[in-house]
Amino acid sequence: MESNRRFLLFFDKDEYEKVVPESDEEKNKPFPLFQKPYDENKPLIDLIPPEKFEIGKKSFLDVINRRISRRNYTEEALNLEELSFLLWCTQGVKKTFKDKAGVLRTVPSAGAKSPFETYLIINRVEGIEPGLYRYISFSHKLLFVKSIEDAGRKIGELTYDQMFVGKGAVVFCWVAIPYRTEWRYTILAHKFIAIDLGHVSENLYLACEAINLGTVAIGYYEQKKFDALLELDGKDELVVLVAPVGKRQRSK
């Protein structure tokens, strides 16, 4: 167990120079793409742009004080503005560097390397067919990937039989592409990716609380089966966190 703690530690300068290898950035290798390619002939679903949001106006302190993990959801659907708001707050693109070697989002990321792709298992969103989707963040749109038969049950089972996970109106699935961060940070990258993931997850919590939705981060899931469901290779792309989102059960 103690050996696994190494992941949490950083190096002193003398150790750093001995252990950390030269990066691909230092070797002048091309930087990786910050958005996974997709078939641009496929239709995309327009989301509500952030300048048109009419929701999320709660005071910041109220949102912070009320934030908790919520596991009970109603059968109500989300609307398109709610989904757009959550996607923008968790992975919205604000600016791309002029040399295209980094991207500034609504969440911080080590070196602006932004190692995540957002996949969504949509069960109930007004005007959108259920299925697996990908957030195309650079244009703030949704890409349909495929239908998933009996998605709610499957997701519940793949999260170690936490069946409430599959009952979310939407299930956020964050996928890491490690090389985006490894390109600069080599063996240090994986701690930074985990830190970045915490930023993204907390933004989802706060965004949900701001618009009266509920969520909870789920770290227990069957890795290989979940990767296969999302058609990932499990090596260069892999699921790193799952979070259901739904309308909250109202207090009696």
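The values are calculated or read from the model by the stated rules, or taken from the named source; none is laboratory data. Predicted model, so just to flag it, every value in this text is computed and none were measured. Positions of Cβ are backbone-derived with ideal geometry, glycine not excepted, and every protein chain shown enters the neighbour counts.
List, please: which pairs have Cβ atoms under 7 Å, are six or more places apart or on different chains, and start with a residue in region 64-76 that is of a type outside the set (Ser, Thr, Tyr) and end with one that is not in a loop (DSSP other than H, G, I, E, B)?
Going by the 7 Å Cβ cut-off, the qualifying pairs are ARG66/GLU209; ARG67/TYR205; ARG67/LEU206; ARG67/GLU209; ARG70/GLY214; ARG70/THR215; ARG70/ARG248; GLU76/LYS247.
Can you pull out the residues in region 52-107 that are assigned to a loop (DSSP other than H, G, I, E, B), of a type in the set (Phe, Trp, Tyr) and at pLDDT 95 or above? Full working, then the answer.
Here is the first cut: in region 52-107, the residues assigned to a loop (DSSP other than H, G, I, E, B) are 53-59, 67-72, 74-77, 79, 92, 97-102, 106-107.
Narrowing further to those that are of a type in the set (Phe, Trp, Tyr): 53, 97.
Answer for region 52-107, where residues must be assigned to a loop (DSSP other than H, G, I, E, B), of a type in the set (Phe, Trp, Tyr) and at pLDDT 95 or above: just PHE53.
If you go through region 162-176 one residue at a time, do you hit one that is out of contact with any helix residue (DSSP H, G or I) (no Cβ under 8 Å at 6 or more places or on another chain) and within 21 Å of ARG105 (Cα to Cα)?
Yes, the conditions are met somewhere in region 162-176.
Find all pairs meeting these conditions: Cβ atoms under 7 angstrom apart; at least six residues apart or on different chains; first residue within region 123-137 and within 17 Å of ILE148 (Cα to Cα) and among the aromatic types (Phe, Trp, Tyr); second residue buried (at least 16 other Cβ atoms within 10 Å of the Cβ) and modelled with pLDDT under 95.
Matching pairs, first to second residue: none at all.
Consider LEU33 carefully, then state whether it is surrounded by 13 or more Cβ atoms within 10 Å (Cβ to Cβ) and either in contact with a strand residue (DSSP E or B) (Cβ under 7 Å, 6 or more places away or on another chain) or at pLDDT below 95 (or both). Full working, then the answer.
Numbers: surrounded by 13 or more Cβ atoms within 10 Å (Cβ to Cβ): no; either in contact with a strand residue (DSSP E or B) (Cβ under 7 Å, 6 or more places away or on another chain) or at pLDDT below 95 (or both): yes.
So LEU33 fails the test.
Taking region 231-252 on its own, how many of its residues are in contact with a strand residue (DSSP E or B) (Cβ under 9 Å, 6 or more places away or on another chain) and part of a loop (DSSP other than H, G, I, E, B)?
Step one: list which residues in region 231-252 are in contact with a strand residue (DSSP E or B) (Cβ under 9 Å, 6 or more places away or on another chain), which gives 231-232, 237-249.
After this cut, where a residue has to be part of a loop (DSSP other than H, G, I, E, B) as well, the list is 231-232, 237, 249.
Result for region 231-252: 4.
Of all residues in region 164-212, which are closer than 30 Å to ARG250 by Cβ and in a loop (DSSP other than H, G, I, E, B)?
Passing the criteria: PHE164, GLY168, ALA169, ILE211, ASN212.
Listed here are the residues, each with its yes/no results for (1) within 19 Å of GLU82 (Cβ to Cβ); (2) acidic (Asp, Glu).
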| position | (1), (2) |
| --- | --- |
| GLU117 | no, yes |
| ARG124 | yes, no |
| THR159 | no, no |
| MET163 | no, no |
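Could you please let me know if VAL125 is under 21 Å from PRO244 (Cβ atoms), in contact with a Gly (Cβ under 9 Å, 6 or more places away or on another chain) and of a type in the set (Val, Ile, Thr)? Outline the logic, then answer.
On the way: under 21 Å from PRO244 (Cβ atoms): yes; in contact with a Gly (Cβ under 9 Å, 6 or more places away or on another chain): no; of a type in the set (Val, Ile, Thr): yes.
The answer is no for VAL125.
Could you tell me how many of the residues in region 88-111 are more than 15 Å from ILE195 (Cα to Cα), hydrophobic (A, V, I, L, M, F, W, C) and surrounded by 16 or more Cβ atoms within 10 Å (Cβ to Cβ)?
Residues meeting the conditions: 5.
Looking at THR118, THR96, which one is among the β-branched types (Val, Ile, Thr), touching a Cys at 6+ places or on another chain (Cβ under 8 Å) and in contact (Cβ under 8 Å) with a residue 24 or more places away in the chain?
One residue alone meets the criteria, THR118.
When you scan region 117-163, how many residues do you find that are aromatic (Phe, Trp, Tyr) and in a loop (DSSP other than H, G, I, E, B)? Step through it out loud before you land on a result.
If we filter region 117-163 for residues that are aromatic (Phe, Trp, Tyr), which is where we start, we get 119, 133, 135, 138, 144, 160.
From what's left, in a loop (DSSP other than H, G, I, E, B): 138, 160.
Qualifying residue count for the region: 2.
This table checks each residue for (1) within 22 Å of LYS247 (Cα to Cα); (2) among the β-branched types (Val, Ile, Thr).
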site	(1), (2)
THR90	yes, yes
VAL93	no, yes
THR96	no, yes
ALA101	no, no
LEU143	no, no
ASP150	yes, no
GLN162	yes, no
VAL171	yes, yes
ILE177	no, yes
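Hey, can you tell me all the residues within region 211-236 that are surrounded by fewer than 18 Cβ atoms within 10 Å (Cβ to Cβ) and more than 26 Å from GLU126 (Cα to Cα)?
Kept after step one, since they are surrounded by fewer than 18 Cβ atoms within 10 Å (Cβ to Cβ), are these residues of region 211-236: 212, 219-220, 222-225, 228, 231, 233-236.
Selection gives GLY219, TYR220, GLU222, GLN223, LYS224, LYS225, ALA228, ASP233, GLY234, LYS235, ASP236.
Pairs needed: first member in region 222-234, acidic (Asp, Glu); second member anywhere, at pLDDT 95 or above and surrounded by 13 or more Cβ atoms within 10 Å (Cβ to Cβ); C-beta distance under 7 Å; at least 6 residues apart or different chains.
Listed pairs, sorted by first residue: GLU222/LEU158; ASP227/GLY234; ASP227/LEU238; ASP227/VAL239.
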